[in-house]
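Written below as structure tokens is the structure these notes are about.
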Amino acid sequence: MTQPGVTGTRMERRFSQLAAEGRGGLVTFVTAGDPDGETSLALLKGLPAAGADVIEMGMPFSDPMADGPAIQASSQRALKSGASLKKTLAMVRAFREEEQDTPLVLMGYYNPIYIYGVDDFVKDAVDAGVDGLIIVDLPPEEDEELCLPACEAGMHWIRLATPTTDNARLPAVLSNTSGFVYYVSIMGITGTKSAAADVVGAAVARLKEHTDLPVAVGFGIKTPEQAAETVRVADAAVVGSALVDAVKNGLDGEGNAKPGLVNEVLALVRSLADGIRSARA
């Protein structure tokens, strides 16, 4: 379903383009401000040319309860370097000065937004060029808090579905959802194991019985081969922990970015994108 005010958006155009090209998409996750503002912005600006079809950017938070060690550590590095929600939105504005086509979604937790102020956040996010939100700790029963104001302002609200989301729960999960559905392929935290392709395929098929929205699959996808396998059954593959691990591997002993960090992370993105582009050949 498409929400009122969310028509002909960057997100819809991108998934329509992917469908027309007959290929799956690559959704990349990076944490805003990791390991520092300058390096993070350079990485963000390089993602589209490296092959990212949709960008998820994590809003740094001190208690990211759904995230595994890699993304938790990336949040800690970002916060240590002075990251904030205000600086995250400034980063989006800087990204939009050069890039108008690639959808960008902010992902994270409600607490920083609540402190920022919902009305101010929604306005500032739209003005900055944010296309959608994934807020992992706001269930459908709390849609009035942020989901509805965000949808009314023209942002997509992207919901998570999991292996335990049964057919009775799906209508609630899909209500007010637009852009795409994010299928969490494993139980537990990010960046750990990965799910078997046949299991993911069956889950995606079940979701598509209930919605026309694209389905992106994430959690546990780290290699070009896994990404390719995923987009043979889904509309997109989401890669996060592998990228933030690559950021970590580009730090020196004091936690500062080494000169080649951005290029090394973008090289990984290119390899993932190449795997996805060849998956349905």
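The values are calculated or read from the model by the stated rules, or taken from the named source; none is laboratory data. Remember, it's a predicted structure, so these values are computed and weren't measured experimentally. Methodologically, a virtual Cβ is constructed for each residue, glycine included, from the backbone with ideal geometry; neighbour enumeration extends over all protein chains shown.
One table, with the values for the structure above:
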| item | result |
| --- | --- |
| Filter result (acidic (Asp, Glu) and modelled with pLDDT of 95 or more) within segment 67-97 | GLU97 |
| Filter pass, MET11 being closer than 23 Å to VAL217 by Cβ, out of contact with any helix residue (DSSP H, G or I) (no Cβ under 7 Å at 6 or more places or on another chain), among the hydrophobic types (A, V, I, L, M, F, W, C) and buried (at least 19 other Cβ atoms within 10 Å of the Cβ) | yes |
| Residues of segment 147-178 classified as more than 16 Å from TYR110 (Cβ to Cβ), under 18 Å from the mean Cα position of the chain (by Cα), free of Cβ contacts under 8 Å to residues at least 60 places away in the same chain and not in a strand (DSSP E or B), total | 2 |
| Filter result for LEU26 (touching a Leu at 6+ places or on another chain (Cβ under 8 Å), in a helix (DSSP H, G or I) and buried (at least 24 other Cβ atoms within 10 Å of the Cβ)) | no |
| Pick from segment 66-85, criterion among the hydrophobic types (A, V, I, L, M, F, W, C) and closer than 12 Å to GLY240 by Cβ, ranking: surrounded by the most Cβ atoms within 10 Å (Cβ to Cβ) | ILE71 |
| Whichever residue in segment 180-194 is more than 11 Å from VAL233 (Cβ to Cβ), in a loop (DSSP other than H, G, I, E, B) and touching a helix residue (DSSP H, G or I) at 6+ places or on another chain (Cβ under 9 Å) and, among such residues, is modelled with the lowest pLDDT | GLY191 |
| Filtered residues of segment 1-53 (kept if of a type in the set (S, T, N, Q) and either over 17 Å from the mean Cα position of the chain (by Cα) or at pLDDT below 95 (or both)) | THR2, GLN3, THR7, SER16, GLN17, THR39 |
| Filter result (in contact with a Ser or Thr (Cβ under 9 Å, 6 or more places away or on another chain) and surrounded by fewer than 17 Cβ atoms within 10 Å (Cβ to Cβ)) within segment 113-147 | PRO140 |
| Selection status of ASP101, surrounded by fewer than 17 Cβ atoms within 10 Å (Cβ to Cβ) and free of Cβ contacts under 8 Å to residues at least 40 places away in the same chain | no |
| Sole residue being touching a residue at least 40 places away in the same chain (Cβ under 8 Å) and on the phi > 0 side of the Ramachandran plot, chosen from GLY82, GLY24, GLY58, GLY46 | GLY82 |
| Candidates VAL247, VAL262 - the one that is out of contact with any Asp or Glu (no Cβ under 9 Å at 6 or more places or on another chain), in contact (Cβ under 8 Å) with a residue 24 or more places away in the chain and either within 30 Å of CYS147 (Cβ to Cβ) or β-branched (Val, Ile, Thr) (or both) | VAL262 |
| Those residues of segment 61-75 which are in contact (Cβ under 8 Å) with a residue 60 or more places away in the chain and among the hydrophobic types (A, V, I, L, M, F, W, C), in sequence order | MET65, ALA66, ALA70, ILE71, ALA73 |
| Number of the exception - VAL215 against (1) surrounded by fewer than 23 Cβ atoms within 10 Å (Cβ to Cβ); (2) in contact with a helix residue (DSSP H, G or I) (Cβ under 6 Å, 6 or more places away or on another chain); (3) of a type outside the set (Lys, Arg); (4) closer than 12 Å to ILE276 by Cα | (4) |
